[in-house]
Every structure is written in structure tokens, then in C-alpha cells.
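Novice: Okay, handing you the structure first.
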Amino acid sequence: MAKTNSTNQTKILTGIYKTLYSAFGPQRWWPGDTPFEIMVGAILTQNTNWGNVEKAIKNIKTGGALNSKSLHAMPHKKLASLIRPAGYFNIKAGRLKNFLAFFVNHYKGSIKRMNAEETYSLREKLLNVNGIGPETADSILLYAFQRPVFVIDAYTKRMLERHNIVPVNAAYHELQELFQRTLPPDVQLFNEYHALFVRVGKEYCKPEPRCGKCPLNGVNL
């Protein structure tokens with residue numbers, strides 16, 4: 001899939017990471033006090049920025065409802081009103097309800113039970129929950145359960161395409177496999193790398209790129 005051999009891929013991806021880390025430092029991502037909060041945040045952050053998600057989660061916390069039992073029992077309309085700052089609140093309330101039903105029915109609302117599930121099996125089950133796609137499922141695996149699964153998002157795909165590291169039509173699983181094949185399966189590395197892609201994507205690799213001051217500008221990849 002990639003345009004270079006395995007040794008060069010490792011060198012390129014490692015070089016990008018080192019350059020971004022040197023420029024931005026540790027990102028301390030994903031913000032969240034508990035694995036459950038991280039899972040809720042992963043669902044709410046779809047198609048919005050994290051600042052809006054923080055407001056939604058604060059609303060839930062203020063109501064003392066940031067737990068699976070309370071949210072599962074909460075009427076859809078009330079949940080939608082609490083998460084309104086996250087945007088698409090009716091849709092996201094439905095997706096969150098779907099996840100909560102899965103969490104309660106399969107694991108009795110227990111993080112410990114869920115964490116006992118093997119990574120591949122848990123990923124497949126998450127992907128079967130209506131409203132959870134690969135990026136959300138992998139964010140849950142990496143950030144909530146510390147599994148070495150690389151998260152691919154729009155920022156990552158855009159940056160790799162613009163630097164001619166991957167073809168424009170590369171699929172999610174192809175991009176993920178590139179990272180997981182060429183980098184060591186290190187949770188902290190995958191965590192930090194994904195967060196750095198988000199940082200450079202938000203600040204420089206926008207739909208209208210701002211390449212001039214980007215840390216990767218002029219770097220020989």
C-alpha cells in the first residue's frame with residue numbers, strides 16, 4: 001500500500017513522530033478521569049471539537065450522571081439536552097444509548113469485565129454497535145483500555161496523503177496496518193503519535209494548508 005519498502009516506512013514514520021514531538025512536546029491525550037468517561041468522550045467527539053465535548057461531559061457530571069447506570073436509565077430527550085454542546089445531540093444521544101445498552105448487557109456496566117475481553121474480539125463487538133465506527137472503536141481500545149491499536153483519523157490521512165506517503169484512496173485498515181506493521185506495539189507511542197497528528201492537523205494541515213510554519217515543512221521524508 002505504501003510507496004516505500006518496510007525499512008524506509010519505519011524510518012519515515014519514526015522521523016515524523018520525532019519531529020512533531022520535538023515541536024509540540026507531550027500532548028497528554030486523552031483527557032478523562034476514568035475509562036468510562038473516555039468512552040463517552042470518544043462517542044461525543046464525533047464531528048466536533050474537544051472543547052464542545054468538555055462542555056457536554058461537564059453537564060453530565062454536574063447532574064451526577066456520569067456512570068453507566070444513570071445514563072442507561074436516562075430518557076433520550078434528557079440525555080440529548082445534556083450533550084447539546086457536542087452538536088448533533090439527538091443523533092449522539094442515540095449512539096450513546098446504543099453503546100450503553102451494549103456495555104450494560106454484555107459487561108453488566110463493568111469496566112473490569114470489558115477489559116478482560118481480548119482486543120480483536122472487543123473491537124469486533126464495538127464495531128457492531130450502531131454508531132461506532134473504526135476510529136471511535138480504536139480510540140476506546142487505545143485510550144480507555146491501553147491496547148496497542150493505532151487510531152486513524154482525518155488529520156492523519158490528510159497529512160500522509162499530502163506528503164505522498166500513502167495513496168489518496170487508502171482505506172482505514174490499510175493506514176492502520178502501516179503503523180502497526182512498522183512501529184513497535186507501544187501504547188504510549190501510539191497514544192502520543194495520534195495526538196500529535198491531531199495537533200498538526202488542527203494548526204497547520206487544514207483543508208487549506210498552512211505549510212509555511214509547519215514543523216514538517218522542509219523535512220526530508
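Novice: Which one, Ser81, Ala42, Thr136, is farthest towards the positive end of the dipole of segment 35-144 when Lys and Arg carry +1 and Asp and Glu -1 on their Cβ?
Specialist: So the residue furthest toward the plus end is Ser81.
Novice: What is the distance in Å between the Cα centroid of segment 198-221 and that of segment 54-72?
Specialist: When both Cα centres are located, 36 Å separates them.
Novice: Using unit Cβ charges (K, R positive; D, E negative) and no other charged atoms, how large, in debye to the nearest 20, is the dipole of segment 67-214 about its Cα centre?
Specialist: Working: 22 positive and 13 negative charges, 166 e Å.
In total the dipole reaches around 800 debye.
Novice: Further question: So how do Met114, Met39 line up by other beta-carbon neighbours within 10 Å, fewest first?
Specialist: Numbers: Met114 22, Met39 26.
Least to most surrounded, the residues fall as Met114, Met39.
Novice: Give, in nm to one decimal, the length gained when the segment between Lys213 and Tyr120 is fully stretched (0.36 nm per residue of separation minus the Cα-Cα distance). Working shown, then result.
Specialist: On the way: separation 93, 0.36 × 93 = 33.48 nm, distance 3.96 nm.
Working it through step by step, the gained length comes to 29.5 nm.
Novice: Packing-wise, with mean Cβ within 10 Å as the measure, how do 70-83, 193-206, 131-144 rank, highest first?
Specialist: Values: 70-83: 16.6, 193-206: 19.5, 131-144: 21.0.
Packing proxy ranking, top to bottom: 131-144, 193-206, 70-83.
Novice: Rounded, prolate or oblate: pick one for the chain, where a ≥ b ≥ c are the square roots of the eigenvalues of its C-alpha gyration tensor, a/c under 1.5 means rounded, and failing that, prolate if a/b is larger than b/c, else oblate.
Specialist: Working: a/c = 2.24, a/b = 1.68, b/c = 1.34.
It is prolate, given that a/c is not under 1.5 and a/b is the larger ratio.
Novice: Do you know the relative contact order of segment 34-182, to the nearest whole percent, from alpha carbon pairs under 8 angstrom that are 6+ apart? Could you put the intermediate results ahead of the total?
Specialist: Values: 140 pairs, mean separation 32.2, N = 149.
Relative contact order here is 22 percent.
Novice: Could you identify which residue out of Thr45, Thr156, Thr62 has the top mean-square fluctuation in a GNM of the chain using Cα springs shorter than 10 Å?
Specialist: Evaluated over the chain, the most mobile residue of the options is Thr62.
Novice: Further question on the same structure: With the cut-off at 23 Å, tell me which of the pairs Lys58/Lys97; Lys58/Lys206; Lys97/Lys202; Lys77/Lys125; Lys55/Lys125; Lys77/Lys202 have Cα atoms farther apart than that. Don't skip to the answer; put the middle values down first.
Specialist: Values: Lys58/Lys97 18 Å; Lys58/Lys206 28 Å; Lys97/Lys202 30 Å; Lys77/Lys125 27 Å; Lys55/Lys125 29 Å; Lys77/Lys202 32 Å.
Over 23 Å Cα-Cα: Lys58/Lys206; Lys97/Lys202; Lys77/Lys125; Lys55/Lys125; Lys77/Lys202.
Novice: Now, a different point. What full-extension length gain, to one decimal in nm, is calculated for Lys18 and Asn47 as 0.36 nm per residue of separation minus the Cα-Cα distance? Numbers along the way, then the final one.
Specialist: Numbers: separation 29, 0.36 × 29 = 10.44 nm, distance 2.83 nm.
Here the answer is 7.6 nm.
Novice: Only helical DSSP H runs with n ≥ 4 go in: add -39500 (n - 2.57) per run for the chain, normalise by residue count and round the 222 nm mean residue ellipticity to 500 deg cm²/dmol. Mind dumping the intermediate values first?
Specialist: Numbers: 12 runs with 131 residues, N = 221.
Computed ellipticity for the chain at 222 nm equals -18000 deg cm²/dmol.
Novice: Would you work out if segment 116-167 is rounded, prolate or oblate? Take a ≥ b ≥ c from the square roots of the eigenvalues of the alpha-carbon gyration tensor; rounded if a/c is under 1.5, else prolate when a/b is larger than b/c, oblate otherwise.
Specialist: Numbers: a/c = 2.88, a/b = 2.04, b/c = 1.41.
Verdict is prolate for segment 116-167.
Read-outs throughout are calculated quantities, based only on the coordinates presented, and are distinct from any laboratory measurement. These figures come from a predicted structure and were not determined experimentally. Please note: Cβ atoms are built from the backbone with ideal geometry, for glycine as well, and neighbour counts cover all protein chains shown.
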